[in-house]
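Worksheet for the structure shown next.
The values are calculated or read from the model by the stated rules, or taken from the named source; none is laboratory data. Quick caveat: nothing in here was measured; it's all calculated off a predicted structure. Here the Cβ positions follow ideal geometry from the backbone for every residue, glycine too, while neighbour counts run over all protein chains shown. Each accessible area value is taken on the protein alone, full model and side chains, heavy atoms only, with ligands, DNA and RNA left out. Shrake-Rupley method; radii C 1.70, N 1.55, O 1.52, S 1.80 Å.
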Amino acid sequence: MEAATNIVLGLFCIILGILIIMLYNIKKKEKKQGLYFSRLQNAGILLIMMGVGLIIREIRKYISS
């Protein structure tokens, strides 16, 4: 059960990260750049990395058992 939860949470993080990066790109086209929107891009990248990490960790547990 915990494995399924971590995989779903990982997928959710990846999707949310992609949506945040898409929002950053929309704001970038509108020329409304600032420190806040730069941080949005970093937050999106961080969420994607966390999601991939969760999924990889659960795959490793599954393979090793």
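Structure notes:
- Coordinate range along principal axes, alpha carbons of the chain, Å, largest first: 51, 14, 13
- Heavy-atom accessible surface of the chain: percent carbon and sulfur, 1.4 Å: 70
- Heavy-atom accessible surface of the chain, averaged per residue, reaches 78 Å², computed with a 1.4 Å probe.
- Each Cα pair under 8 Å and six or more residues apart adds its separation to the average, and for the chain the resulting relative contact order is 50 percent.
- Taking the average, over residues, of other Cβ atoms within 10 Å as the packing measure, peptides 58-64, 43-49, 2-8 rank 43-49, 2-8, 58-64 from highest down.
- Helical runs assigned H by DSSP (4 residues or longer) give the chain a calculated mean residue ellipticity at 222 nm of -32000 deg cm²/dmol, each run adding -39500 (n - 2.57) before division by the residue total.
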